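The values are calculated or read from the model by the stated rules, or taken from the named source; none is laboratory data. Everything quoted here is computed from the prediction, not taken from an experiment. No Cβ is skipped: glycine too gets one built from the backbone with ideal geometry, and neighbour counts run over all protein chains shown. Quick note on the areas: whole protein, heavy atoms, side chains included, nothing else; ligands and nucleic acids left out. Shrake-Rupley method; radii C 1.70, N 1.55, O 1.52, S 1.80 Å.
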Amino acid sequence: MTPARFGNDIIGLALQEDLGAGDVTTELFMGNRHVIRARIVARQECVFSGGDVAREVFMRVDPSIRIFDVQPEGSQLSPGASAMELEGPAASLLTAERVALNFLQRLSGVATLTRRYVDAVLGTNTKILDTRKTTPGLRVLEKAAVRAGGGTNHRMGLHDMVMVKDNHLAAGGSIVGLQPAIHEAKRRGLRVEIEVDTLAQLKEVLALEGVDVVLLDNMSPEVLHQAILLRKPGVAFEASGGITLQNIAAVAATGVDFISIGALTHSAVCVDLALDFE
């Protein structure tokens, strides 16, 4: 079992990190590779995510492992519920266990936290967005977990959308000077979002042509209500900054189209999942 067999993608790197030159404990104490059944079980209420990733982990360790009854992405699991069932050599299951669980616990944690925020704005038209505040190397997986929790993905990276933030303006000039760059962005087929901190800046941005979204940063619900009154057709409003489960309902009630929350990925707590042999 050499590290090179696993590949250099995120799953392969995780396996190489854990196994190194091999699982010495399993090699020394699990010489009889008898086939057993096992389940990955929820130890707490959670939203399940990462089933395909875990499946790939087990298959790369040993393609003979059978995996079945995998719960769909976004499934609500109660304590004791089975997330997936497995059958295969005991040694192989033990070797793959920790890496598979690390992915599942992390991704299900993101999905679970996202669902809490989505549930908090039920009854409104506001969508919950993620951000780029993701674990390095895990962005694609964590954003998939956000979707599993009912959230909506914002831009994947710096390449797929224009987003002018306060530091861009501080380094590059005025809002009114953005118009030529916005025209070029639209020529390239890119959506354009601009961040504002004040109602005065919002009025300047709304005077521009080609803006798709305005990010209203760190505004209180009272100020957001005033911002909504300035809305013009075709421009969506996104609230961000200081959003918590305690205040998100009040923010959504202002009528903003989106609320972006970095905590979905940077502060999600891993959920408790375990591999139980039968």
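Taking every protein chain into account, the accessible area of the range 142-205 amounts to 52 square angstrom per residue (probe 1.4 Å). Each stretch of four or more DSSP H residues adds -39500 (n - 2.57); spread over every residue of the chain, this sum gives -11500 deg cm²/dmol at 222 nm. Look at the alpha carbon pairs under 8 Å that are at least 6 residues apart: their mean separation over the length of the range 16-78 gives a relative contact order of 41 percent.
If R0 is 22 Å, the Cβ-Cβ spacing of R43 and S64 corresponds to a FRET efficiency of close to 0.20.
Within the listed set T25, T135, T254, the residue fluctuating most in the Gaussian network model of the chain (springs between alpha-carbon atoms under 10 angstrom) is T25.
Of the candidates A111, A200, A90, which one comes out as most mobile in a Gaussian network treatment of the chain with C-alpha springs shorter than 10 Å? Looking only at A111, A200, A90, the biggest GNM fluctuation is shown by A200. Given a 1.4 Å probe and the protein chains as shown, K165 ends up with an accessible area of around 70 Å².
Here each label is just a point 7 Å from Cα along the line to Cβ, and for Q179 and H225 those points are 3.4 nm apart. Surface composition of the range 140-278: carbon and sulfur atoms hold 56% of the protein heavy-atom accessible area at a 1.4 Å probe. Here the dipole of the chain is about 440 debye; that uses its Cα centre as origin and unit charges on the Cβ of Lys and Arg (positive) and Asp and Glu (negative). Computed over the chain with a Gaussian network model linking Cα atoms closer than 10 Å, the most mobile of L215, L190, L202 is L190. For the set E238, E27, E97, solvent exposure ranked by accessible area (probe 1.4 Å, protein chains only) runs largest to smallest as E27, E97, E238.
Based on Cα contacts under 8 Å between residues 6+ apart, the chain shows a relative contact order of 22 percent. Accessible surface calculations at 1.4 Å, restricted to protein heavy atoms, place the range 26-94 at 45 Å² per residue. The value for the chain of Rg(Cα) / (2.2 N^0.38 Å) is 1.23. Each Lys and Arg Cβ is given +1 and each Asp and Glu Cβ -1; about its Cα centre, the range 69-187 then shows a dipole of about 580 debye.
Give the carbon-plus-sulfur fraction of the accessible surface of the range 1-136 in %, rounded to a whole number; probe 1.4 Å, heavy atoms of protein chains only. That fraction is 51 percent.
Lysines near K203 by alpha-carbon distance under 28 Å, same-chain residues fewer than 8 away left out - which ones? Filter leaves K127, K165, K186, K232. Note on K203/D119: beta-carbon distance plugged into 1/(1 + (r/R0)^6) with R0 of 30 Å gives a FRET efficiency of 0.30.
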